[in-house]
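K.L.:
Dropping a structure here in structure tokens format, bear with me for questions.
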Amino acid sequence: MKAKKILALVLTAIIVFSCSACTTIELVIPVGNLPAQNTNTTPSVEQTTAAPAPVQPEQTTAAPAPQEQTTAAQQTPSQETTTAAPAPQETTTAAPAPSTGVPSTKAEIVKFYCDAYNKLGTASAITRTYDYTSNYNNILDIDGGNSTLAGIANKLMGMFMVENTDPLVVDVNALPPVGISNLNIDPNVIADAKCTDKGDHYEVILYSTGTAENREQDSQPGTGSVGSFGPLLRSEDVSGAAAGFIEFTGLHSLYERASVTAKITKDGKITDLSFETPCILHFDSVSAIKIINVGVCEIGLLFQQTYTIAY
């Protein structure tokens, strides 16, 4: 880890310069009907008047032309009035809205993340695209706040803690939490979890429980809160950086609110991962070659890493 070399440089510089100064560090239609045919037509009545005696040439009084009585219905085409029946009132109980499929509870989100993480072994390539270790919240407390040593350490951190944007292909085992091949996070150790539907993917964010007032101490990969998902700085990492030249006592890694942000496809595959972990290294004491001694030190470090995954 690049941070190891940086830490060694910071600690060494602090100690070396402590000879000349004091010491300590916080290293989401009707159809118109045809006229009705009236079949009830009154038949015409034919009247014949018999001729009177004596016999005269027979006179026949022609019966008056039969008067055909036509009812009004025959004179005017019948107009059928139809009152449209009211539209049937269909009562429908609205069905519940279909599930969007977006994990919503903390437990659902955490499980969704773990299931997706455990598919990383099928990835064709995992590339670290960003790596940056910087001073966190300007925390650099050195033995009572010696300004000279703090200034020297800050200058060194500014020189060596630079952004690394060179792509680096890594093995799945290098992803935090390092060494955990089957991730299974207990939702109870996560402070908060969010899942947002971004259209073609979900954005999932998990947060650890540490705060500035209640820092999480000495987590290990796969345990605790930040250790269940994030990158860590362990005592063996610091010892390796010291390489025997620097000795220390009472080392603790104190973690504030860490997070992981994952871009996950609708079929549950992680394509992007971003970690952000604030850590404060605490030393009860630091010494070099048993001659130069620095008292209580705290150094604030912020680890930021971004990875892209291809399948």
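Read-outs: derived from the displayed coordinates by stated rules, not from any lab. Everything quoted here is computed from the prediction, not taken from an experiment. Glycine also receives a Cβ, built like all others from the backbone with ideal geometry; neighbour counts cover every protein chain displayed.
K.L.:
List every residue whose amide H lies under 5 Å from the amide H of THR223, counting only residues 5 or more places away in sequence or on a different chain, with H placed 1.01 Å from N in the peptide plane.
P.N.:
Result for THR223 returns SER228.
K.L.:
Under the 0.36 nm per residue contour assumption, what length would be gained going from the current alpha-carbon distance of ASN214 and ASP284 to full extension?
P.N.:
Working: separation 70, 0.36 × 70 = 25.20 nm, distance 1.90 nm.
This chain segment gains 23.3 nm when fully extended.
K.L.:
Now for a separate question. Is the C-alpha gyration tensor of segment 168-215 telling us rounded, prolate or oblate? Criteria: a/c under 1.5 is rounded; beyond that, a/b larger than b/c is prolate, otherwise oblate.
P.N.:
Numbers: a/c = 1.88, a/b = 1.10, b/c = 1.70.
Taking the square roots of the gyration eigenvalues as a ≥ b ≥ c, segment 168-215 is oblate.
K.L.:
To make sure I understand, if each residue's beta carbon is the centre and we count other beta carbons within 10 Å, what order do VAL172, VAL286, VAL110 fall in, fewest to most? Intermediate values should be presented prior to the final figure.
P.N.:
Details: VAL172 13, VAL286 29, VAL110 25.
Final ranking by Cβ density, sparse to dense: VAL172, VAL110, VAL286.
K.L.:
Between ARG234 and ASN184, what is the spin-label point distance in nm, taking each point 7 Å from the Cα along the Cα→C-beta axis?
P.N.:
Taking the simple label geometry, ARG234 and ASN184 are separated by 2.1 nm.
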